[in-house]
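Worksheet: one structure, shown below.
Since every read-out is calculated from the coordinates, none of them should be taken as a lab result. Since the model is a prediction, treat every value here as computed from it, not as a measurement. Every residue, glycine among them, receives a Cβ derived from its backbone with ideal geometry; neighbour counts consider all protein chains shown.
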Amino acid sequence: MSIYFGDVRQIGYVVSDIEKAMKHWSDVLGVGPWFYKEDVGTTEFRYYGNNSQPPKLSIALANSGSLQIELIQQRDDAPSLYLDSLKRGGECAQHVAYWTADRFDEYAKVLHERGYVEGHGGRMGTRGRFGYFLHPDLPSGVIELSEMTGGKGEYFEEIRRASVGWDGLEPIQRRK
């Protein structure tokens, strides 16, 4: 647990084939069900501080206990840390995330004071903000801050509840 941000709530993986990754996690590792959105509809996006074209993203979310697993496939070539990670190391665990309902700016300030820069950030629709932060001494250690407002917290709780006692049936829940 971080003395600054609390528990790590999510591990995010960048993948080249999200369907294959969901199948592996559910069939081989027994994690699910997956809440899958083919196009998450990013509405605001910054890449290293500059407004940028939002990447077209497919995202799948599931829980293993209290830890959320996120699978991310970018379906275009818009600049993002997702593509940067794929180019640098291929498919990999790309970030850990801390969640907050009301301390996003405070948490971002703590990261900035410790030498982190926002690599990319933005918002998806009316849901809370997100920011991915990097440090030059640990470029592979991406930290995401995720604001749990605009229904995001309730959605993530729905995903967690669905994982409790999941029987392996209907491993992928497709969402619009």
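Summary table
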quantity: Highest-first arrangement of 108-117, 161-170, 6-15, where packing means the average Cβ count within 10 Å; calculated: 6-15, 108-117, 161-170
quantity: Amide H contacts under 5 Å for His120, placed H, 5+ residues apart; calculated: Tyr48, Tyr132
quantity: Mean separation of Cα contacts under 8 Å (6+ apart) over length of the range 24-176, as relative contact order %; calculated: 30 percent
quantity: Chain lengthening between Arg161 and Tyr48 when straightened (0.36 nm per residue, less Cα-Cα); calculated: 37.2 nm
quantity: Count of Lys pairs (Cα-Cα under 24 Å; at least 8 positions apart or interchain) in the range 40-176; calculated: 5
quantity: Distance (nanometres) between label positions extended 7 Å along Cα→Cβ at Arg174 and Thr126; calculated: 2.6 nm
quantity: Efficiency of FRET from Cβ geometry, His112 and Asp77, R₀ 41 Å, rounded to 0.05; calculated: 0.90
quantity: Percent of alpha-carbon pairs separated by more than 28 Å within the range 10-164; calculated: 15 percent
